[in-house]
1. Please go through region 429-442 and pick out each residue that is out of contact with any strand residue (DSSP E or B) (no Cβ under 8 Å at 6 or more places or on another chain) and over 17 Å from residue 375 (Cα atoms).
2. Please go through region 424-448 and give me each residue that is in a loop (DSSP other than H, G, I, E, B) and surrounded by fewer than 19 Cβ atoms within 10 Å (Cβ to Cβ), ordered by number.
3. When you scan region 181-193, how many residues do you find that are more than 18 Å from residue 164 (Cα to Cα), touching a helix residue (DSSP H, G or I) at 6+ places or on another chain (Cβ under 6 Å) and in contact (Cβ under 8 Å) with a residue 24 or more places away in the chain?
4. Within region 379-393, does at least one residue satisfy the condition of being surrounded by 16 or more Cβ atoms within 10 Å (Cβ to Cβ), outside any helix (DSSP H, G or I) and touching a residue at least 60 places away in the same chain (Cβ under 8 Å)?
5. Before we move on, is residue 95 at pLDDT 95 or above, out of contact with any helix residue (DSSP H, G or I) (no Cβ under 6 Å at 6 or more places or on another chain) and part of a strand (DSSP E or B)?
6. What are the residues in region 6-37 that are more than 19 Å from residue 88 (Cα to Cα) and surrounded by 13 or more Cβ atoms within 10 Å (Cβ to Cβ), if any?
7. In this structure, is residue 104 more than 21 Å from residue 186 (Cα to Cα) and either assigned by TED's automatic domain parsing to the domain that holds residue 360 or part of a loop (DSSP other than H, G, I, E, B) (or both)?
């Protein structure tokens, strides 16, 4: 493997403009500021291998990079700071620096990709001067065979990244793309809508929803682990990869007429009732707000936090699932406000700016693109799949008190729980995930 060589790709977009941060960017900016020196935890890192039937030259890579940097304003936006705070500055033209590594054998690809992924994950972005994307390409035999990328979370969320990757695949295979995004279908355009009368109505509606949730009853507190964290790390992450949960969630979603995400909300709520002893469970939903024509495929970060509460007292699990479905839909339609209004409300509901009401301890993020149930053999005994489950302990990224992330891993559901060891032990987290899986499977096999 040779030393990397540095190259630059020029881009030229349609316009240069400035705009306030969108609500989603404000949310991410707050996370980054709170993370301080560890704001690289929110880097979005990924890798890819080029299909064997694509002869991808360095020149074609550069032409493709230039095209998409010019097409999507979020990829050529820096975050500047003025008297009123941070704002987005969209560059019209410039250059992206990337690195090329020539390999002497294709067998070195996995090792090289792992090394660069770790490096990209550990490095912070300079948001004021650096474009929000870094890239390294690996070549072998005269063609680019793989690569590793990292995006700033201020530029894209997971759904926005998938939209971009889908477009790149289409262009490399000569398939048609839609027209370039117009001014409305950009983060700057979204910021303008949020400042409009319609956006202010959405803002006020969201704050009213939050006040209605928490004015009379405070959010669900975290449990206390009597043993505390001891000498171990303050945060851990457990990940359960479960074909049984995947099949069970699909069967339940079909039977109850909801999404698989609602199945997970509901079964989580049932277990949280047992864990906390409370009859009302609260969730913070991390949602990529892609409900309109302009936002559906926008390459940007549209993540907003939605909140809902569900009454679980004396309710059957299937009823809790239905309630969670309804409450989550309401939360999605009432997610959208600026950080200043949000902070002011929590201060008013709490004991002032220094002791605001604490919300969002129980966070749920479903990263899957498809939440609809897939086909499941109605006669299959899903409990037989439990032996194929695997529990692992990945490296912690987001240091959250109780953060459930759901994704797909082939035919399995991947459920991760990041937790604060002052509130939940490692053994307790494993028991919780195994209990969630078992509850889904039992409900599905019992035919609710």
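The values are calculated or read from the model by the stated rules, or taken from the named source; none is laboratory data. Here the structure is a predicted model, which is why all the values come from computation and not from measurement. Ideal geometry is used to build each Cβ from the backbone, glycine not excepted, and the neighbour counts take in all protein chains shown.
1. Our first condition is that a residue be out of contact with any strand residue (DSSP E or B) (no Cβ under 8 Å at 6 or more places or on another chain); within region 429-442, this holds for 431, 435, 438-442.
Residues satisfying the conditions are 431, 435, 438, 439, 442.
2. Pass one, region 424-448, residues in a loop (DSSP other than H, G, I, E, B): 424-425, 447-448.
Passing the criteria: 447, 448.
3. Within region 181-193, residues that are more than 18 Å from residue 164 (Cα to Cα), touching a helix residue (DSSP H, G or I) at 6+ places or on another chain (Cβ under 6 Å) and in contact (Cβ under 8 Å) with a residue 24 or more places away in the chain number 1.
4. Yes: one or more hits.
5. On the way: at pLDDT 95 or above: yes; out of contact with any helix residue (DSSP H, G or I) (no Cβ under 6 Å at 6 or more places or on another chain): yes; part of a strand (DSSP E or B): yes.
In short, yes.
6. Residues of region 6-37 that are more than 19 Å from residue 88 (Cα to Cα), as a first pass: 6-10, 34-37.
Result: 7, 9, 10, 35.
7. On the way: more than 21 Å from residue 186 (Cα to Cα): yes; either assigned by TED's automatic domain parsing to the domain that holds residue 360 or part of a loop (DSSP other than H, G, I, E, B) (or both): yes.
When the stated conditions are applied, residue 104 passes them.
Residue by residue, here is whether (1) buried (at least 20 other Cβ atoms within 10 Å of the Cβ); (2) outside the structural domain of residue 24 (by TED's automatic domain parsing) holds:
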position	(1), (2)
159	yes, no
166	no, no
178	no, no
186	yes, no
199	no, yes
225	no, yes
237	yes, yes
252	yes, yes
